[in-house]
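What follows is a single structure, written as structure tokens, with notes after it.
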Amino acid sequence: MLQLILDELAKTNTTLIAVSKTKPTKQIMQMYDRGQRIFGENRVQELLEKYESLPKDIQWHLIGHLQTNKVKYIAPFVHMIQSVDSFKLLEEINKQAAKHKRTISVLLQFHIAEEDSKFGFALNDLVELIDKESFKDLKNIRLAGVMGMATFTDDMDQVRLEFSLLKHIFTQLKNQYFDNSPHFKEISMGMSGDFRIAIEEGSTMVRIGSLLFGGRN
Ligand SMILES: *Cc1c(COP(=O)(O)O)cnc(C)c1O
């Protein structure tokens with residue numbers, strides 16, 4: 001399955017984040033031995049345990065909601081934090097990254113789904129974001145793009161619309177702020193059930209769990 005997905009992604013230059021949440025290290029090592037180096041986790045405690053026991057050349061992406069007071073635990077090693085949904089969090093990541101003399105890549109998570117349970121900046125925040133110059137001064141973070149999750153639905157037209165909205169948000173931010181930044185280039189969208197649509201709508205990073213590792217309880 002891994003190779004099939006990688007072959008498909010290679011045609012479009014899309015990066016695979018293998019979402020290993022709830023899965024044992026043994027299963028992660030099977031992917032690792034086949035060459036996969038980028039893994040995603042959504043809980044800090046689980047991420048820490050897996051970081052400790054697995055090879056250090058794995059690039060860990062945090063994809064779940066992050067509380068400000070937990071940033072310090074992952075700041076020494078995390079490769080990218082995809083789920084940044086407040087300025088407070090952005091500032092804390094910057095501070096903790098500086099302590100470790102690191103630069104941490106982050107994505108701004110936007111709430112594009114219909115459900116109100118999901119985290120992320122709301123569309124209204126975009127205006128504020130565009131007005132805010134201060135986040136450009138955070139020297140120890142690298143703003144690498146945006147992330148979003150579509151509504152959990154069978155209505156693929158709706159999913160497509162939500163992905164195109166995220167692409168639009170990305171383009172606005174890019175034009176406004178990051179035109180000269182080689183780093184602001186990622187649109188993280190698409191999971192097991194909708195990654196093909198996401199790629200058609202401009203995804204550069206898909207986060208695939210169950211299709212690779214099997215279903216979760
Ligand atoms: C669990 C999770 C995924 C992967 O979901 P699958 O449907 O198993 O591919 C992707 N993104 C986030 C933020 C997740 O929490």
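The values are calculated or read from the model by the stated rules, or taken from the named source; none is laboratory data. Just so it is clear, the structure is predicted and the values come from calculations on it, not from any experiment. In this analysis, Cβ positions are derived from the backbone assuming ideal geometry, glycine residues included, and neighbour counts consider all displayed protein chains.
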Give me a count of the residues in region 192-207 that are under 11 Å from the mean Cα position of the chain (by Cα) and either near the ligand (Cβ under 8 Å from one of its atoms) or assigned to a loop (DSSP other than H, G, I, E, B) (or both).
-> 2
Filter region 161-172 down to the residues that are within 17 Å of the chain's Cα centre (by Cα) and of a type in the set (A, V, I, L, M), then identify the one that is surrounded by the fewest Cβ atoms within 10 Å (Cβ to Cβ).
-> LEU165
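Every residue, every condition in (1) at pLDDT below 95; (2) among the small types (Gly, Ala, Ser); (3) under 18 Å from ILE169 (Cβ atoms); (4) buried (at least 18 other Cβ atoms within 10 Å of the Cβ), yes or no:
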{"site": "ALA75", "(1), (2), (3), (4)": "no, yes, no, yes"}
{"site": "PHE87", "(1), (2), (3), (4)": "yes, no, yes, no"}
{"site": "THR103", "(1), (2), (3), (4)": "no, no, no, no"}
{"site": "VAL127", "(1), (2), (3), (4)": "yes, no, yes, no"}
Within region 182-191, restricting to residues that are in a loop (DSSP other than H, G, I, E, B) and within 12 Å of the ligand (Cβ to nearest atom), the one that is surrounded by the fewest Cβ atoms within 10 Å (Cβ to Cβ) is MET191
Inspect all residues belonging to region 20-27 and state whether any of them is within 13 Å of the ligand (Cβ to nearest atom), crowded, with 19+ Cβ neighbours inside 10 Å, β-branched (Val, Ile, Thr) and over 22 Å from LYS99 (Cα atoms).
-> no
Residue under evaluation GLN36, criteria (1) within 16 Å of the ligand (Cβ to nearest atom); (2) of a type in the set (S, T, N, Q); (3) without any contact (Cβ under 8 Å) to a residue 24 or more places away in the chain, criterion not met = (3)
Would you be able to say whether some residue in region 137-159 is at pLDDT 95 or above, assigned to a helix (DSSP H, G or I), away from the ligand (no atom under 16 Å from the Cβ) and out of contact with any Leu (no Cβ under 8 Å at 6 or more places or on another chain)?
-> yes
Is it the case that some residue within region 52-59 is in contact (Cβ under 8 Å) with a residue 24 or more places away in the chain, within 13 Å of the ligand (Cβ to nearest atom) and not hydroxyl-bearing (Ser, Thr, Tyr)?
-> no
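Would you mind stating whether ILE5 is at pLDDT 95 or above, of a type in the set (Val, Ile, Thr), surrounded by 13 or more Cβ atoms within 10 Å (Cβ to Cβ) and farther than 17 Å from LEU138 by Cβ? I'd like the intermediate steps shown before the answer.
On the way: at pLDDT 95 or above: no; of a type in the set (Val, Ile, Thr): yes; surrounded by 13 or more Cβ atoms within 10 Å (Cβ to Cβ): yes; farther than 17 Å from LEU138 by Cβ: yes.
The answer is no for ILE5.
Every residue, every condition in (1) farther than 26 Å from LEU9 by Cβ; (2) free of Cβ contacts under 8 Å to residues at least 40 places away in the same chain; (3) assigned to a loop (DSSP other than H, G, I, E, B); (4) in contact with a helix residue (DSSP H, G or I) (Cβ under 8 Å, 6 or more places away or on another chain), yes or no:
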residue: GLN30; (1), (2), (3), (4): no, yes, no, no
residue: GLY40; (1), (2), (3), (4): no, no, no, no
residue: GLN45; (1), (2), (3), (4): yes, yes, no, no
residue: LYS70; (1), (2), (3), (4): yes, yes, no, yes
residue: PHE77; (1), (2), (3), (4): no, yes, yes, yes
Kindly check whether there is at least one residue in region 166-173 that is within 16 Å of the ligand (Cβ to nearest atom) and more than 25 Å from ALA75 (Cβ to Cβ).
-> yes
